[in-house]
């Protein structure tokens, strides 16, 4: 199995794809080899409008504040990054920096490469975009649950704390 196909198979965005569609989609990606501490994306950076899928290793998500950098999440294989600029947002909309933890491999695809898929295989592209929406919805659900838990803790609702 190729690294690209293995990574795509564990990503939630390809759940609806057939094996043939998965191979076509996989051909659009390049592999980036990263060393420990390599920066992938940063707020206000000039990164391209790439979608990144972690294939191997771990990526740390950090936010910057007046008190310094704070790690808020670690991406695992199959997780996505760069979604905002990939779907048309400006690089200024990045809210976190992404750093490789140890050696990592990341799949990288520009939005222009994806546009070729939209034109040539619109139903495959539609399935992938639905997968991206499901992935984002999972992030929002997780954040809502954490917000609710924090609110309960702060206001001592529901007893649990």
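Structure above, values below:
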read-out: Of all residues making up region 13-24, the number that are surrounded by 15 or more Cβ atoms within 10 Å (Cβ to Cβ) and under 16 Å from the mean Cα position of the chain (by Cα); value: 2
read-out: Those residues of region 77-119 which are assigned to a loop (DSSP other than H, G, I, E, B) and at pLDDT 90 or above, in sequence order; value: 77, 78, 79
read-out: Strands (runs of 3 or more DSSP E) completely within region 1-76 that count 1 or more residues being modelled with pLDDT of 95 or more and over 24 Å from residue 139 (Cα atoms); value: 30-34
read-out: Residue tally, condition surrounded by fewer than 14 Cβ atoms within 10 Å (Cβ to Cβ), within 16 Å of residue 26 (Cα to Cα) and touching a residue at least 24 places away in the same chain (Cβ under 8 Å), over region 118-145; value: 0
read-out: Search result, residues across region 30-56 that are within 14 Å of the chain's Cα centre (by Cα) and within 25 Å of residue 103 (Cβ to Cβ); value: 40, 41, 42, 50, 51, 52, 53, 54, 55, 56
read-out: Any pair with Cβ under 8 angstrom, 6 or more apart, that starts in region 44-58 at a residue that is on the phi > 0 side of the Ramachandran plot and ends at one that is surrounded by fewer than 16 Cβ atoms within 10 Å (Cβ to Cβ); value: 44/92; 57/102; 57/103
read-out: Meets criteria (without any contact (Cβ under 8 Å) to a residue 12 or more places away in the chain, in contact with a helix residue (DSSP H, G or I) (Cβ under 7 Å, 6 or more places away or on another chain) and either surrounded by 14 or more Cβ atoms within 10 Å (Cβ to Cβ) or under 18 Å from residue 115 (Cα atoms) (or both)) for residue 84; value: yes
read-out: Residue within region 93-102 that is free of Cβ contacts under 8 Å to residues at least 24 places away in the same chain and in contact with a helix residue (DSSP H, G or I) (Cβ under 9 Å, 6 or more places away or on another chain) present; value: yes
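The values are calculated or read from the model by the stated rules, or taken from the named source; none is laboratory data. Computed from a predicted model, the values in this text were never measured in an experiment. As a convention, Cβ positions derive from the backbone with ideal geometry for all residues, glycine included, and neighbour counts pool all protein chains shown.
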